[in-house]
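To keep things clear, I will list the structure first and then write my remarks on it.
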Amino acid sequence: MKVGILDYDAGNLTSVENALRHLGAQWVLSGDPDTLKDTDRLIFPGDGHAATSMENLRSRGLDQLLVDFVARGRPVLGICVGSQIVLDSSEEGNASCLGLIPGTCRRLPGGPGLKVPHMGWNAVHFQTDHFLTTGVPQDSSFYFVHSYYTVPDTGVPVLGTTDHGIPFVVGFVQDTLATWQFHPEKSGEAGLKLVDNFLKWRP
Amino acid sequence: MLQKRVIVCLDVKEGRTTKGIKFENNVDLGDPVEMAEAYYRQGVDELVFYDITASSEKRGIMIDVVRRVAERIFIPFCVGGGLATAQDIKAVILAGAEKVSLNSQAVKNPDLIRQGARLYGSQSIVLGMDALADPSMPSGYRVVINGGRTKTDLDALAWARQAHELGAGEIVLNSIDADGTKAGYELPLTKLISEALPIPVVASGGAGTPEHLRAVLQEGKADAALVASMVHYGTYSLSQIKDYLAGHGVAVRR
């Protein structure tokens, strides 16, 4: 099995590679759709701005690769901004996004004592029993860095939620596409277990 | 609810962890990679490595340390000390660090903060600031550099605001008065900066007991607290610190 990691100038991917090495996976890191199209599953990371990320994806033809991958029923994991831009749109730069799953992204409101970005460790409450969260204790903490949060439409199965002033969705799954808003690759043993579960997931 | 972070700081000199009081009388504490892994297993939330290697020829050693740490621990960590150019920042980030800390070099060249934030985003650029109580300054605190040896003309609060505007995403705030005393963090300074800035503030300098962390996280409004000697010498374990904090109403990762 070979894992593809999408490289589209969306932050540093060394930690994703280190996590995969630690888990004994084989991977290819690339921004070229032809190189990635024959992998078995994709990790779609992201740091930074939603509108800029969409531009970078489109200019490389990676938006179409993601659409095709999901259509062919192969597993895809979106992380951080990768979890946001699989939805229809984002308030960040009024970006029109991939529309693989219905929903949008909104800015965290913040407030007294609530700094934005939401940066640090927060507990995640798993909302369903899902293969992807097998073996991870309920309310485990994960490492977040983000200013926008995902709002998938009603009916999209939610994997987990957290709160930062308001409660919000931090993971959802539809068909072969799953997402985490936090960084599982930087979230200790609980995070590594989530990555390992994704590598073994047969939706 | 976002948890308060307990961060362990390791001073690294030519590839070895060292600890001195007020940057003097350094003693060898061990291999930073092995220490990082041990703290990771004990549940530390984040690590900071300060490269205090004096000679520039030996700086490459630190990149190797960063690479080996990144392969073995899966939590965010920050690297600081002597990073003077965008190229220096890039080398540390590509070796696997989540964040870089810019201190004296950012005072000398504030544009370094902007360059770093443009390259890797604000979440990766930390302002390291050493401050000294000084009633002649508007905020009551003066920025000092070179490990506290050199006074600048900068007011601590004004410099923190400027660094945030340039793109710093977090501030590690070290009190030179409290550093190495084990008598507690400088609470008024921490509260001042944390309440004035919309980005997280990490309190540094003065930790001696778990109660000191509780005070700076609650009264001092810090988002995280840095510890060094109180855990390096085995006076307290991370779980003792976190148990104490949790028992006093501080949300921490368990």
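Of everything in segment A:150-180 that's touching a helix residue (DSSP H, G or I) at 6+ places or on another chain (Cβ under 8 Å) and of a type outside the set (A, V, I, L, M, F, W, C), which residue is farthest from A:Arg202 (Cα to Cα)?
Checking each candidate, the answer is A:Thr150.
Only one of these conditions is not met by B:Arg142: (1) more than 12 Å from every other protein chain (Cβ to nearest Cβ); (2) within 26 Å of B:Thr17 (Cα to Cα); (3) touching an Asp or Glu at 6+ places or on another chain (Cβ under 8 Å); (4) of a type outside the set (Val, Ile, Thr). Which number is it?
(2)
Can you tell me which condition A:Phe126 does not meet? The list is (1) of a type in the set (A, V, I, L, M, F, W, C); (2) under 15 Å from A:Thr162 (Cβ atoms); (3) modelled with pLDDT under 95, and all the others hold.
The one condition A:Phe126 does not meet is (3).
Restricting to segment A:1-22, name every residue that is among the hydrophobic types (A, V, I, L, M, F, W, C) and surrounded by fewer than 17 Cβ atoms within 10 Å (Cβ to Cβ). Please lay out each step first, then the result.
Let us first name the residues in segment A:1-22 that are among the hydrophobic types (A, V, I, L, M, F, W, C), namely A:1, A:3, A:5-6, A:10, A:13, A:16, A:19-20.
The answer is A:Met1, and nothing else.
Could you grab me the full set of residues in segment A:166-203 that are assigned to a loop (DSSP other than H, G, I, E, B), of a type outside the set (Ser, Thr, Tyr) and surrounded by 17 or more Cβ atoms within 10 Å (Cβ to Cβ)?
A:Gln181, A:Phe182, A:His183, A:Trp201, listed by residue number.
Among the candidates B:Asp153, B:Asp130, single out the residue that is among the acidic types (Asp, Glu), more than 14 Å from chain A (Cβ to nearest Cβ) and more than 25 Å from A:Gly113 (Cα to Cα).
Result of the check over B:Asp153, B:Asp130: B:Asp153.
With the condition kept exactly as written, say whether any residue in segment A:122-131 is more than 16 Å from the chain's Cα centre (by Cα), more than 11 Å from chain B (Cβ to nearest Cβ) and among the aromatic types (Phe, Trp, Tyr).
Yes, because at least one residue in segment A:122-131 is more than 16 Å from the chain's Cα centre (by Cα), more than 11 Å from chain B (Cβ to nearest Cβ) and among the aromatic types (Phe, Trp, Tyr).
Give segment B:165-176 a look and list any residue that's within 16 Å of the chain's Cα centre (by Cα) and either within 14 Å of chain A (Cβ to nearest Cβ) or not hydroxyl-bearing (Ser, Thr, Tyr) (or both), or say none.
Within segment B:165-176, B:Ala168, B:Gly169, B:Glu170, B:Ile171, B:Val172, B:Leu173, B:Asn174, B:Ile176 meet the criteria.
Can you work out which of the residues in segment A:71-94 that are more than 14 Å from the chain's Cα centre (by Cα) and in a helix (DSSP H, G or I) is surrounded by the fewest Cβ atoms within 10 Å (Cβ to Cβ)?
A:Asn94
One line per residue, one yes/no per condition, for (1) under 17 Å from the mean Cα position of the chain (by Cα); (2) under 20 Å from B:Gly82 (Cα atoms):
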{"residue": "B:Pro138", "(1), (2)": "no, no"}
{"residue": "B:Thr152", "(1), (2)": "no, yes"}
{"residue": "B:Asp155", "(1), (2)": "no, no"}
{"residue": "B:Ala160", "(1), (2)": "yes, yes"}
{"residue": "B:Lys182", "(1), (2)": "yes, no"}
{"residue": "B:Leu187", "(1), (2)": "yes, no"}
{"residue": "B:Ala196", "(1), (2)": "no, no"}
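Would you mention how many residues in segment A:12-25 are in contact (Cβ under 8 Å) with a residue 40 or more places away in the chain and part of a loop (DSSP other than H, G, I, E, B)?
2
Taking segment A:1-11 as the search range and keeping residues that are more than 11 Å from every other protein chain (Cβ to nearest Cβ) and part of a loop (DSSP other than H, G, I, E, B), which one is farthest from B:Val92 (Cα to Cα)? First the steps, then the outcome.
Restricting attention to segment A:1-11, the residues satisfying the condition of being more than 11 Å from every other protein chain (Cβ to nearest Cβ) are A:1-8.
Filter again for part of a loop (DSSP other than H, G, I, E, B), leaving A:1, A:7-8.
Details: A:Met1: 31, A:Asp7: 19, A:Tyr8: 20 Å.
Among those that are more than 11 Å from every other protein chain (Cβ to nearest Cβ) and part of a loop (DSSP other than H, G, I, E, B), it is A:Met1.
Please count how many residues of segment A:26-48 are at pLDDT 95 or above and within 14 Å of chain B (Cβ to nearest Cβ).
1
Any residue that is in contact (Cβ under 8 Å) with a residue 40 or more places away in the chain and more than 26 Å from A:Tyr149 (Cα to Cα) - is there at least one of those in segment A:53-67?
No, the conditions are met nowhere in segment A:53-67.
Go through segment B:140-156 residue by residue and tally those that are part of a loop (DSSP other than H, G, I, E, B) and either modelled with pLDDT under 95 or on the phi < 0 side of the Ramachandran plot (or both).
Looking only at that region, the number is 4.
Could you list, in sequence order, all residues of segment B:15-56 that are on the phi > 0 side of the Ramachandran plot, away from every other protein chain (no Cβ under 14 Å) and modelled with pLDDT of 90 or more?
B:Gly15, B:Gly30 - these are the residues of segment B:15-56 that are on the phi > 0 side of the Ramachandran plot, away from every other protein chain (no Cβ under 14 Å) and modelled with pLDDT of 90 or more.
The values are calculated or read from the model by the stated rules, or taken from the named source; none is laboratory data. Quick caveat, the model's predicted, so the values are computed rather than measured. Using ideal geometry, Cβ is built from the backbone for each residue, glycine included, and neighbour counts are taken over all protein chains shown.
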